[in-house]
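Step one of this worksheet: look at the structure below.
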Amino acid sequence: MSELVSRWAGLALCGIGLVATLALAAAGDLTLYIHPRYVVFTVVLSIVGVILFAAAVWVTATSRRAAHDHDHDHDHDHGPGPRGRARTLSTLVTGALVVVAAVALLVAPPTTLSAERALSTASAADGGGDAPRPSLVGSDPTRFSVRDWASILGSGASAGDLVGQQADVTGFLLIDDAGAVRVGRYAVTCCTVDAQLFAVPVVASGVPDDLRSGDWVRVTGTFTDDAGATHLSPATVDAVEEPDAPYLS
């Protein structure tokens, strides 16, 4: 068993990764993990990987048969010494790793980055992020995304600067332990590893009590001075389904 696991565990992990990637691509869920521009590239590489994987399986299987024929000519001692116990432990750990990878990649449903992760991330409204600030002059602000408004606020715009500007944004709610509310969305440059949160503070009293952190909403309203801070004062807050493309690109 130990020899079997050591010989096939690496290939099993590679196979699981390839199957998971192609299954996500077929279901249209690969964009939950990478930017849409890289989907075709990833699928092509995965197909190449499948070909190499099949070749590796063939080489491993044929070399195993040769080794098995050779083993019949030798009598090995696999007594239960310290080295034997260490090898057994290594086998169990490796086998468990393969099982965990299979469950995580093939069984668990794909999901977007969670609100819990976002709550531990500083809002781009406090720092502006790395996105350019859109101009309000000659623009339709109702077409601005959460990232646009977060960049405007992060660059120092106040409620006085935004008087009369109508906002219409879609994102997920972020409600911290103190009751402060933000509406946010992730932007992905390459993959979710580099995901950056953009969020806009919302007047908490304007959010229905039945909504929870992580719920996707469409918020319309105007910006106002809320206890010395610029917050979006909602006219409407409607629960919506998570968009097919949840990340901004």
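The values are calculated or read from the model by the stated rules, or taken from the named source; none is laboratory data. Predicted model only: the values in this text are computed from it and were never measured. Cβ placement follows ideal geometry from the backbone for every residue including glycine, while neighbour counts extend to all protein chains displayed.
Condition check ((1) touching a strand residue (DSSP E or B) at 6+ places or on another chain (Cβ under 8 Å); (2) closer than 29 Å to Pro36 by Cβ; (3) among the polar types (S, T, N, Q)) across all residues:
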site	(1), (2), (3)
Val193	no, yes, no
Phe198	yes, yes, no
Ser213	yes, yes, yes
Gly221	yes, no, no
Ala227	no, no, no
Asp244	no, yes, no
Checklist outcome for this item: Inside the range 197-225, the number of residues satisfying the requirement of being buried (at least 18 other Cβ atoms within 10 Å of the Cβ) and assigned to a strand (DSSP E or B) is 11
Checklist entry - Can Ser145 be described as closer than 19 Å to Ala195 by Cβ, surrounded by fewer than 21 Cβ atoms within 10 Å (Cβ to Cβ) and modelled with pLDDT of 90 or more? => result yes
Checklist entry - Out of curiosity, is Asp168 farther than 30 Å from Thr21 by Cα, under 24 Å from the mean Cα position of the chain (by Cα), acidic (Asp, Glu) and not assigned by TED's automatic domain parsing to the domain that holds Val39? => result no
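Conditions tested, residue by residue: (1) more than 30 Å from Thr31 (Cα to Cα); (2) out of contact with any helix residue (DSSP H, G or I) (no Cβ under 9 Å at 6 or more places or on another chain).
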position: Gly164; (1), (2): yes, yes
position: Arg185; (1), (2): no, no
position: Asp215; (1), (2): no, no
position: Leu232; (1), (2): no, no
position: Ala239; (1), (2): no, yes
position: Ala245; (1), (2): no, no
Checklist entry - Do you know which of the residues in the range 91-111 that are within 17 Å of the chain's Cα centre (by Cα) and in contact (Cβ under 8 Å) with a residue 40 or more places away in the chain is surrounded by the fewest Cβ atoms within 10 Å (Cβ to Cβ)? => result Thr111
